[in-house]
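Since every read-out is calculated from the coordinates, none of them should be taken as a lab result. Just so you know, these numbers come straight off a predicted model, no measurement behind them. So basically every Cβ, Gly included, is an ideal-geometry build from the backbone, and we count neighbours across all protein chains shown.
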Amino acid sequence: MTKLDERIIASMEVVLENVCRGLPNSGGDHATRKYVARKLIQAVKKGNATLGGLEAVGRRALQEIAQGSTTARAERGRDAATANGHRSGNGLHR
């Protein structure tokens, strides 16, 4: 398992911004960004910490959302409910 050090967190933030840049609302809604961030964290914990690898994971997460993946839809729905008053953040910060 790869540790989430400052360099990796910075790479994850860059990837999150890059893959969400073209989304509506100046980079996507909270639930979408949080879903992508979770996928990035999972990838890093499995050892995939290269910028190119993370970029691929982020783009694949957006494809899952666009294709209506049941898992993506369920996670985004849960995230939207918590974003409306209980939790905040993009999922990357400690």
Worksheet item: Using beta carbons and a limit of 6 Å, which pairs, at least six apart or on different chains, have the first residue in segment 46-57 and farther than 10 Å from residue 8 by Cα and the second one exposed (fewer than 15 other Cβ atoms within 10 Å of the Cβ)?
Response: 47/2
Worksheet item: Within segment 1-66, which helices (runs of 4 or more DSSP H) (wholly inside it) include 1 or more residues that are surrounded by 17 or more Cβ atoms within 10 Å (Cβ to Cβ)?
Response: 6-20, 30-45, 51-66
